[in-house]
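Student: My questions all concern the structure below.
The values are calculated or read from the model by the stated rules, or taken from the named source; none is laboratory data. Note that the coordinates shown come from a computational prediction; the quantities given were computed from them, not determined experimentally. Cβ coordinates were reconstructed from backbone atoms using ideal geometry, including for glycine residues, and neighbour counts include every protein chain displayed.
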Ligand SMILES: [Zn+2]
Ligand SMILES: [Zn+2]
Ligand SMILES: [Zn+2]
C-alpha cells in the first residue's frame, strides 16, 4: 500500500503530500486510516520542496525499521492474538479489505457457511469453547459475544441464517439408511437435491423430511437448488474416488452416481479461472 501511494505521489507536481496521504487513506485498512485522521495534517505543501523520491525514502525507512528477525511468541500468546485479531475483524465489518467468513459447517454435508462472520449470534456462542485457555482469552471472547449481540440488534441485515453451497452428502461420510434403495451406500445427492427429491434424514433418532431442514436446524436456511452453485470439484471427487471414500468412511461405495458429477478437471479449471477474472460463468 505504501509503495503504490509513493509511486502515485512521485508523478504529481504540487501537493504531493496530499496525494500520498489520500492514496494511503484508500489503500490502508480502516484501522490505520482512523489513526492517520487523528494526526490532523494541515500543511500539505510542506514536502513539495523535498526531493521527488522522498516518499520512496519514507517507505524504505519504514521497511528498514522493521526488525529482521520477528519476536518469538508462545503458543498461548499466539492463540490470544488470533482471537483478538479475529474479534477485531468481526466488529469491524465496515472494513472492506478483509471479510471473515462464518464457517459454521452444514449439519448434513459439512460445507461451511459462506456468510460473513458474526451474522448469527448463535454461531459465535461455542465457537471459541474449545480454545478458551487463559483468562485474557476468556475476556476477549466475552467481549466479542457482547459486541455481536449489540450488532445483531442494530443490524437485521447482518443477522441472517447460515447458508452454504451444499456438497454430495456422502463426501461427509453420510450413508443411505436400511429402508432406502441403497442401504449403507455413500449418499450422492447434496442437501438441496435431497430437498427437491423429498428425501428424509435421521436426526436425534427421528426421521425428518429434508423440506423441514430449516425447522430441524432453525439456525439454517433451507437448501435450495436455485440458490446453489454446484461444487464441481467436490462432485468430481465423489465421481472418481468412490473406493477411497468408501474405505475412509468404512461404508459401501455409491452404485448410482449422477452422470452430471462427471466433470473434467479442465472444465473445472476454466470455471475457476473465469471466477478469478470476475466473469462468473456456468
Ligand atoms: Zn449441506
Ligand atoms: Zn453462518
Ligand atoms: Zn456460495
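Student: Do we find that residue 227 is within 13 Å of ligand 1 (Cβ to nearest atom), modelled with pLDDT under 95 and either assigned to a helix (DSSP H, G or I) or within 30 Å of residue 268 (Cα to Cα) (or both) in this structure? Break it down into steps so the answer makes sense when it comes.
Tutor: Working: within 13 Å of ligand 1 (Cβ to nearest atom): yes; modelled with pLDDT under 95: yes; either assigned to a helix (DSSP H, G or I) or within 30 Å of residue 268 (Cα to Cα) (or both): yes.
When the stated conditions are applied, residue 227 passes them.
Student: Also, quick follow-up: Find the residue count for the range 200-224, including only residues that are in a strand (DSSP E or B), without any contact (Cβ under 8 Å) to a residue 60 or more places away in the chain and loosely packed, with under 15 Cβ neighbours inside 10 Å.
Tutor: Final tally of qualifying residues: 4.
Student: If you don't mind, another one. I'd like to know if the range 121-130 contains one or more residues that are closer than 30 Å to residue 168 by Cβ and modelled with pLDDT of 75 or more.
Tutor: So far as the range 121-130 goes, no, none of its residues is closer than 30 Å to residue 168 by Cβ and modelled with pLDDT of 75 or more.
Student: Let me ask another. Go through 117, 83 for me and flag whichever is surrounded by 11 or more Cβ atoms within 10 Å (Cβ to Cβ), under 23 Å from residue 219 (Cα atoms) and modelled with pLDDT of 75 or more.
Tutor: After ruling out the rest, the residue left standing is 117.
Student: Would you mind stating whether residue 203 is within 16 Å of ligand 1 (Cβ to nearest atom) and modelled with pLDDT under 95?
Tutor: So residue 203 fits the description; yes.
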